[in-house]
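Okay, so here's the structure we're looking at.
Please treat every number below as a calculation from the coordinates, not as lab data. Bear in mind the structure is a predicted one, so any value in this text is a computation, not a measurement. Positions of Cβ are backbone-derived with ideal geometry, glycine not excepted, and every protein chain shown enters the neighbour counts.
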Amino acid sequence: MNGFESAFHFDSLVWDWIIAVYLFLAGMSAGAVMIAIYLRRKVIEGDPANNGILKAMAWIAPFGIIVGLLILVFHLTKPLEFWKIMIYFNMNSVMSMGVILFQVYMAVLFVWIGVLFRHQIINFCEGKLPSGLLDFVDGILIKAKEINNPLELFLGFLALVLAAYTGFLLSALKTYPMLNNPVLPILFLFSSLSSGAAASLLFGILVFKEPVNSPSVSWVHGFERPVVLFELFVLVTFFTGLIFSGGQNEAAAWNAIGGGFWSNWFWFGVVLIGMLLPLTLNAVSPKEVRHNGGFIFVVTLLSLVGVLMLRTFILYAGQMTVV
């Protein structure tokens, strides 16, 4: 077995790359929602339904959580029995608690998006749905608008918990010292914000034509840099803590970053391509270049690839060393 094959297939491997994609999509959804909520409350003036960043969120957030769950369902041993985990809950299971979180998050997310884009949704559905059903839906959205403030705050809390949960899910694997780490949920929270910001900029500007000099784009740009820097700091804390703990914790850290396939994946993929390169390009490029569509596409794509590579690295490298 060559180096590439052995990196993705080894005896202690339990969860494979499919779980990494699921963690990435769920985190991106949560990050986009947290950013959109702040923009709507503090930055955007006028009707938020006209804002390109919020339009992007309205597609990214449901897409991320729905596709992520579909990936999880089809990855089950018996995918046709997925409905059982939706109704039979085990409060001692981290996975079962996650299913509850996803269900509540999705329900609140769709209601909130419906309130924000009520006029567009009703106009689009006119003539396509029975008028009685349309009036019923419209009535629900009007009622929901009356409680939009607590609904929005609750959604923000759920998104925060979801972003951190993707880290808690892995930390439940107690026999793997690199994964059973209290810093992991914090790392995944900030990587979720990073991917949510990158995806919102990518689709908000290039697909939904939000002006590059708008207040919302400027805020996300300004927010993205410190988030990536703090993500780097948390990564340093993560591995420093493992190394100073000694024993199998230290062995897990050096197995991950001290040489070999996953070490190269981390240093060149996660750190260099996913973090340092976007930060450097944004720092040294002239303003007119930063506002170019091609530049935005490249930088945001690098950030998204970096977050996906981070999740994949943590998942695989974390399962190489067992207590």
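Things to note:
- In order along segment 179-186, the phi-based Karplus estimate (6.51 cos²θ - 1.76 cosθ + 1.60, θ = phi - 60°) of 3J(HN,Hα) comes to 8, 7, 9, x, 7, 4, x, 5 Hz; Gly and Pro are listed as x.
- Nitroxide proxy distance, nm - points 7 Å out along Cα→Cβ at ARG41 and PHE4: 4.7
- MRE, 222 nm, helices only [DSSP H, n ≥ 4, -39500 (n - 2.57), over the chain, to nearest 500]: -24000 deg cm²/dmol
- Cα centroid separation - segment 39-63 against segment 298-323, whole Å: 28
- A Gaussian network model of the chain, with springs between Cα atoms under 10 Å, assigns the largest mean-square fluctuation among ILE37, ILE65, ILE142 to ILE142.
- Taking the chain as a Gaussian network of alpha-carbon nodes connected by springs under 10 Å, the highest mean-square fluctuation of the residues LEU162, LEU70, LEU129 belongs to LEU129.
- Ranked by how many other beta carbons lie within 10 Å on average, peptides 308-320, 43-55 from highest: 308-320, 43-55
- Segment 28-39 - phi-based ³J(HN,Hα) in whole Hz, Karplus 6.51/-1.76/1.60, Gly and Pro as x: 4, 4, 5, x, 5, 5, 4, 5, 5, 5, 5, 4
- Listed candidates [x] 0.96; [y] 1.08; [z] 1.00 - label of the one calculated as Rg/Rh (Cα atoms, Kirkwood Rh): [z]
- Rounded to whole Hz, the Karplus (6.51, -1.76, 1.60) HN-Hα couplings of segment 311-323, x for glycine and proline: 5, 5, 4, 4, 5, 6, 4, x, 9, 6, 10, 10, 5
- Subtracting the Cα-Cα distance of ILE18 and LEU153 from 0.36 nm times their residue separation leaves 45.5 nm of extension gain.
- Within the chain: Cβ-based charge dipole about Cα centre, in debye rounded to nearest 20 (Lys, Arg +1; Asp, Glu -1): 300
- Model label zone, THR280; criterion: amide N under 15 Å from point 7 Å along Cα-to-beta-carbon; scope segment 293-318: 299, 302-303
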